[in-house]
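The values are calculated or read from the model by the stated rules, or taken from the named source; none is laboratory data. Quick caveat, the model's predicted, so the values are computed rather than measured. In this analysis, Cβ positions are derived from the backbone assuming ideal geometry, glycine residues included, and neighbour counts consider all displayed protein chains. With ligands, DNA and RNA removed, areas are computed over all heavy atoms of the protein, side chains included. Shrake-Rupley method; radii C 1.70, N 1.55, O 1.52, S 1.80 Å.
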Amino acid sequence: MMSIQRAQKQLLMDQNTGTGKPLAIRNPSAKSRKNTPCSYSRTTGFTLIEIMIVFTLIGILVAMGIPQFKYAVKRSREATLKEDLFIMRKLLNQYCVDKGHYPASLESLAEEEYLMKIPKDPITRSSETWIEVTETLTEEELINGEIPGVMDVHSGSEEISLDGTPYNTW
C-alpha cells in the first residue's frame, strides 16, 4: 500500500500512483480552444431559423389539437348522458312490468334497488336536475286515487348538443 503523502508526491510529478510510470504527456504544440480568439464553432447549437421552424410546427400541432380536445370532452359527456338515459328508461319499463305500474319518482327506483343510486346528469353534474315525465291518467284513475308514475326521464340541461338539439329533448 502506498501512503497518501507518496501518492500526492507522484501526482505532483505527473506519475501514475499505481505503477509509478509517467502520465501521458500532453502535446505542448497543440492549441487549446480556450486560447483562440473565436472559440465558438459554427457546428454547435441551432440557428435562429431552425428554432423558428420547430416552434412554428409545435404551434400548428397545438392549434390543431385544442379544438379536438374541447369537443372530445363534450362528446364523452353526451355519450354518458345517452347511456344513462337508456338505462334509466329500461329500468322504468322493467319496474312497470314487475309491479304493474310506473314508479312514483326516480328515488323509488333506488329504494326498490333497481338502481344503486340515481346517476348524476353528466351535463349539469347533478342528480337532482333530471326531468321526470309522468304518465297521463284518466279522470277515473285519478278518482280512484292512483298516483301518476314516472314513465320517462330527460336531462335538466337547456344547453345545445353538438348535433344541434337541446339535451332536455333526448
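Summary of computed values
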| quantity | calculated |
| --- | --- |
| Accessible heavy-atom area order of Val73, Val153, Val97, Val62, highest first, probe of 1.4 Å | Val97, Val62, Val73, Val153 |
| Model label zone, Arg125; criterion: amide N under 17 Å from point 7 Å along Cα-to-beta-carbon; scope the range 60-79 | 70-79 |
| Solvent-accessible heavy-atom area per residue, rounded to whole Å², over the range 42-93 at 1.4 Å | 83 Å² |
| Formal net charge of residues neighbouring Leu92 (Cβ-Cβ distance under 13 Å; K, R +1; D, E -1) | -4 |
| Pairs of lysine residues in the range 36-124 - Cα separation under 24 Å, sequence separation of 8 or more or cross-chain | 12 |
| Solvent exposure ordering (accessible area, 1.4 Å, most first) of Trp170, Trp130 | Trp170, Trp130 |
| For Leu48, solvent-accessible area (1.4 Å; no DNA, RNA or ligand), Å² | 130 Å² |
